[in-house]
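**Student:** Supplied in structure tokens, the structure appears directly below.
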Amino acid sequence: MAITISGTNGIVGAGFTVDNSGVSVTAGVGTFASIGTGVSVSAAGLTGSLPTISAANCTNLPAANLTGTLPAISGANLTGITAGITMHDVWAITSGVDPAGGSNNLTANWARSNAYFGTIGSAMTESSGVFTFPSTGIYYIQIAGGYYRTSSDAHGYTGFNIMACTDGSSFANQQGMYGSLPGLSGTTYSYCASSFTFDVTNTSTHKVMFQTVVEGSGTSLLESAHSRRLNVEFTKLGDT
């Protein structure tokens, strides 16, 4: 049976009033099949088990309200998270080198170290002393090694240059470090290390190679792939 309420007519019962202004429930519980859009329901009126709803439209959730164990989610769309070091490679000279005087390119006898050395990610590649990077990025490069002299030549210096290019062929010195090699009788030794951070934006054109630098004669370069007496290290710090 349908009841039409108009004017000032209404129905008054135990605990409720129905008139043209709406429904007033003063006692008991009202049961509704649905609540229309825009209706405000106080928190005190929400009792019992809430229904399962989609969270697709939930936004701006306060961090303080996110408690408990979070579900496993994909990190594909997460930003601002540093992946850490993803590449580290070590190479060494495998036979003795007599560097002679001046600056000379190290073009032969390179090999990737494999005795107890840890590497991460893809390896560098080398051809005639020219090293190619496996991917673009910011790379920290270091060469370290020792020299010795068996004669009592005049006091001199020894060191290494790191040569780089951005066009595939025109190499220029980017970083050089030198150490003293005294002109003493008997065998004398010198150690040096040089490092450079290279922004590799194109693996086809951005390459590096290494030079020995010697003042004086009678100097030989210490080498040993296992003892790390001459080696170079490449570490990718991050994306370019």
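Condition check ((1) at pLDDT below 75; (2) over 21 Å from residue 234 (Cβ atoms); (3) touching a strand residue (DSSP E or B) at 6+ places or on another chain (Cβ under 7 Å)) across all residues:
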{"position": "18", "(1), (2), (3)": "yes, yes, yes"}
{"position": "25", "(1), (2), (3)": "yes, yes, yes"}
{"position": "37", "(1), (2), (3)": "yes, yes, no"}
{"position": "52", "(1), (2), (3)": "no, yes, no"}
{"position": "63", "(1), (2), (3)": "no, yes, no"}
{"position": "92", "(1), (2), (3)": "no, no, yes"}
{"position": "101", "(1), (2), (3)": "no, yes, yes"}
{"position": "112", "(1), (2), (3)": "no, no, yes"}
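**Student:** Determine which member of the set 158, 79 is modelled with pLDDT under 90, of a type in the set (Ser, Thr, Tyr) and closer than 24 Å to residue 201 by Cβ.
**Tutor:** On inspection, the qualifying residue turns out to be 79.
**Student:** Name the residue that is surrounded by the most Cβ atoms within 10 Å (Cβ to Cβ), counting only residues in the stretch 129-155 that are of a type in the set (Gly, Ala, Ser) and modelled with pLDDT of 95 or more.
**Tutor:** Step by step, filter the stretch 129-155, then rank; the result is 137.
**Student:** Which condition breaks for residue 117 when tested against (1) within 23 Å of residue 236 (Cβ to Cβ); (2) outside any loop (DSSP other than H, G, I, E, B); (3) of a type outside the set (S, T, N, Q)?
**Tutor:** Unmet condition: (2).
**Student:** Something else: If we keep just the residues of the stretch 185-211 that are modelled with pLDDT under 95 and in a loop (DSSP other than H, G, I, E, B), which is surrounded by the most Cβ atoms within 10 Å (Cβ to Cβ)?
**Tutor:** 187
**Student:** Considering the stretch 101-128 alone, what residues qualify as being surrounded by 14 or more Cβ atoms within 10 Å (Cβ to Cβ), in contact (Cβ under 8 Å) with a residue 60 or more places away in the chain and hydrophobic (A, V, I, L, M, F, W, C)?
**Tutor:** Passing the criteria: 106, 124.
**Student:** Now a separate question. Residue 146: touching a residue at least 24 places away in the same chain (Cβ under 8 Å), out of contact with any Lys or Arg (no Cβ under 7 Å at 6 or more places or on another chain) and closer than 24 Å to residue 95 by Cα, yes or no?
**Tutor:** Criteria not met by residue 146.
**Student:** If you don't mind, there's one more thing I want to ask. List, please: which pairs have Cβ atoms under 6 Å, are six or more places apart or on different chains, and start with a residue in the stretch 156-184 that is crowded, with 20+ Cβ neighbours inside 10 Å and end with one that is acidic (Asp, Glu)?
**Tutor:** That search, which allows pairs on different chains as well, returns 156/215.
The values are calculated or read from the model by the stated rules, or taken from the named source; none is laboratory data. Note that this is a predicted model, so its numbers are computed, not measured. Using ideal geometry, Cβ is built from the backbone for each residue, glycine included, and neighbour counts are taken over all protein chains shown.
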